[in-house]
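A.B. asks: Handing you this structure, nothing more for now.
The values are calculated or read from the model by the stated rules, or taken from the named source; none is laboratory data. Every value quoted in this text rests on a predicted model; they were computed, and no experiment measured them. Counting neighbours? That spans all protein chains shown, and the Cβs are built from the backbone with ideal geometry, glycine included.
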């Protein structure tokens, strides 16, 4: 009984229970559609924040350009799979594919084919996510080049600038993803005879679980120990014969591929690719807030941080008029509460919870019990 009580008093367990209670309250008060919407957003941001935790929390790279890989995956899914389908269907597939006058006619034709062919829909879905991962990995390798020479503030500012540059290229170059008018994306989620929202929920949750398993496996592997060595002292890592350039590059490539998959999944979920929507606020700073709240270096903490803040954001957006309307009497517009929350969370974490809700746990290379047995054998031999 004491063990159960002690387990329930753990910080991560208490937070998980509170998150479940919050979801039950939302389900009973607002219905399944809102719960599924929050879970889809949380799943996408879980993938993104796990990738950020891999690069920053484990490797120590100041990744302030998380949006770069997300843009790579989103633009790849917005530009390539639809053109491939259009080419095979003898529809416009060149630069004019992204023109709004052409795109809104071509994509519905593609969607009709996908609706009637579940196998083709699955193939298109897998192809889209693989394309996103490939382009994300390429972008991760490209961004690893300045990471070789630059550190801390200089690298962070450089990555921020690259992210903004890519967003404005997509916004102003129409043949890529429609420029200012965006493009529709072929929808492989309609062909399974169930609600599209349910399919989107299944897709994003499964991707989030797979991403968590990948990052957790890496964290517990020799490669993960090498990443932590790089984070704590890259000089010591070099002394032990590890190439810090290769370690940084691998970390950035893997993290960027995961983030790009999240970007591609988001575009498939929304059905459109709008370049101007991929801002550093939503796709870099919010993941940083999630990671800092959950615990830098803690994958379980990241998941709980994303869920907790995703619920808080949604509640503020939904109830900011009815519940927080009284703030207008004080000259405060509730429409800005979501962004105020971002700043407040970061300040509170820095002041009171510098290690996050679920701090990173130090783990021995071997399980404690095995280390204890080895030690006892050595003692007996003496």
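A.B. asks: Give region 146-160 a look and list any residue that's assigned to a helix (DSSP H, G or I) and surrounded by 13 or more Cβ atoms within 10 Å (Cβ to Cβ), or say none. Even if it seems obvious, please write down each step before you answer.
C.D. replies: In the first step, residues of region 146-160 are kept if they are assigned to a helix (DSSP H, G or I); the result is 146-149, 152-160.
Within region 146-160, 146, 147, 155, 156, 157, 158, 159, 160 meet the criteria.
Residue by residue, here is whether (1) within 13 Å of residue 287 (Cα to Cα); (2) touching a helix residue (DSSP H, G or I) at 6+ places or on another chain (Cβ under 7 Å); (3) in a helix (DSSP H, G or I) holds:
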{"residue": "14", "(1), (2), (3)": "no, no, yes"}
{"residue": "19", "(1), (2), (3)": "no, yes, yes"}
{"residue": "26", "(1), (2), (3)": "no, yes, yes"}
{"residue": "35", "(1), (2), (3)": "no, yes, yes"}
{"residue": "40", "(1), (2), (3)": "no, yes, yes"}
{"residue": "45", "(1), (2), (3)": "yes, yes, yes"}
{"residue": "54", "(1), (2), (3)": "yes, yes, yes"}
{"residue": "67", "(1), (2), (3)": "yes, yes, yes"}
{"residue": "72", "(1), (2), (3)": "no, yes, yes"}
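A.B. asks: Taking region 183-216, which residues are loosely packed, with under 13 Cβ neighbours inside 10 Å and either touching a helix residue (DSSP H, G or I) at 6+ places or on another chain (Cβ under 7 Å) or closer than 15 Å to residue 47 by Cβ (or both)? I'd like the intermediate steps shown before the answer.
C.D. replies: Taking region 183-216 first, the residues loosely packed, with under 13 Cβ neighbours inside 10 Å are 193-194, 206, 213.
Correct list: 206, 213.
A.B. asks: Here's another thing I want to ask about it. Taking the conditions exactly as written (touching a helix residue (DSSP H, G or I) at 6+ places or on another chain (Cβ under 8 Å), more than 27 Å from residue 297 (Cβ to Cβ), assigned to a helix (DSSP H, G or I) and modelled with pLDDT under 80), does residue 342 satisfy them or not?
C.D. replies: When the stated conditions are applied, residue 342 does not pass them.
A.B. asks: For region 43-77, enumerate the residues that are modelled with pLDDT under 95 and farther than 16 Å from residue 158 by Cβ.
C.D. replies: 57, 58, 59, 60
A.B. asks: Looking at 126, 122, which is the one that is within 20 Å of the chain's Cα centre (by Cα), in a helix (DSSP H, G or I) and surrounded by fewer than 16 Cβ atoms within 10 Å (Cβ to Cβ)?
C.D. replies: Details: 122 fails: within 20 Å of the chain's Cα centre (by Cα).
So the residue among 126, 122 that is within 20 Å of the chain's Cα centre (by Cα), in a helix (DSSP H, G or I) and surrounded by fewer than 16 Cβ atoms within 10 Å (Cβ to Cβ) is 126.
A.B. asks: Would you be able to tell me the number of residues in region 345-382 that are more than 19 Å from residue 220 (Cβ to Cβ), touching a helix residue (DSSP H, G or I) at 6+ places or on another chain (Cβ under 7 Å) and modelled with pLDDT under 75?
C.D. replies: Residues flagged as more than 19 Å from residue 220 (Cβ to Cβ), touching a helix residue (DSSP H, G or I) at 6+ places or on another chain (Cβ under 7 Å) and modelled with pLDDT under 75 within region 345-382 amount to 0.
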